[in-house]
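Here's the structure we're looking at; comments come further down.
Just so it is clear, none of the values below were taken in a lab; they were calculated from the coordinates. Not measured: the values here are computed from a predicted model. Cβ sites come from the backbone with ideal geometry, for glycine too, and all protein chains shown count toward neighbours.
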């Protein structure tokens, strides 16, 4: 009897070991090696890149219910945090695992207006009348805390950046007569407002910002109105000293600066394509003040569809619906990939693993 029990237990042990081994193998199969992944409406296409040529190595399916907002993302080592297009009634936050390409959606009812990532946590804001809220989430989108901050009028939180344990909120404050104040709130990590800086600019909008050890760099997108009552373009970046609040300006060659990205001493700035043709970008070096221009005259003329921008250690990438441009960071040498060769005409975003 004891012998039968022994062999029965041995049999179960072998099965369990086999099942465990199989599970581990399945997990490893879900981790993909690739250089570039391009995500379309309903697919994830994985490519190897060799000698400036793309080779398609795998195609995965994707839920076609949603896409992604190209300007709002945070690129981490192992994942990409990005806002989705509207699902039902709201846009949501998504986390894309760079190894498995699995997409996890934040499933609560709070639609983030802007967000950032700091010390393994996600911070987001939304828009209300006479107040705004700030939220803290862990990396799995579990809400950890929130705080309501009172401020008269409509408060549009255009950007949020966290630097050295300080939270910076760029806010457009709009009164009942549509008069705009541009404000910079400085909060501590307990969500307490320490400073409210009036940027003393009521003729247009400040849209996005970067912050280094001493300064905030803020895109001044518009200045006044045109004869057609459209926003007139500004060509300036505000350089704000965070200690003294002194203001100087960086003048660009093109107007309507909108989003701004950082690459060491370089700022990569896109100009609002609704008003500036050819999907124009400026690369500005804050130390040398050198400006370089990248533009794309072959973009679609029937509708405004700006590229998704990303970067890795060596290159800048500009992804259009059926084209991918790569620029070497040091030389700006261009490499062009025609994605229509792979049946791609609805590319949305991309991920690199370099």
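The table below gives the values:
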item: Segment 203-295 - percent relative contact order, Cα under 8 Å, separation 6 or more; result: 19
item: Evaluated at q = 0.22, 0.26 Å⁻¹: base-10 log I(q)/I(0), Debye formula over Cα of segment 109-187; result: -0.99, -1.29
item: Fluctuation leader among 88, 172, 233 - the chain, Gaussian network, Cα springs under 10 angstrom; result: 88
item: Max mean-square fluctuation residue, GNM over the chain, Cα-Cα springs under 10 Å, options 178, 266, 285; result: 178
item: Among 277, 307, 112: highest mean-square fluctuation, GNM of the chain, C-alpha pairs under 10 Å; result: 277
item: Between segment 146-197 and segment 119-137, the Cα center-to-center distance that results, in Å; result: 10
item: In degrees, nearest ten, helix 2-29 long axis to first principal axis of the chain (Cα); result: 30
item: Part-to-part distance (alpha-carbon centres) for segment 37-116 and segment 206-221, which is given in Å; result: 26
item: Shape box of the chain [Cα atoms, principal axes, largest first, Å]; result: 92, 48, 39
item: Cβ-based exposure ranking for 287, 151, 247, in which fewest neighbours within 10 Å come first; result: 287, 247, 151
item: Mean projection area, nm², convex hull over Cα of segment 203-295; result: 6.0
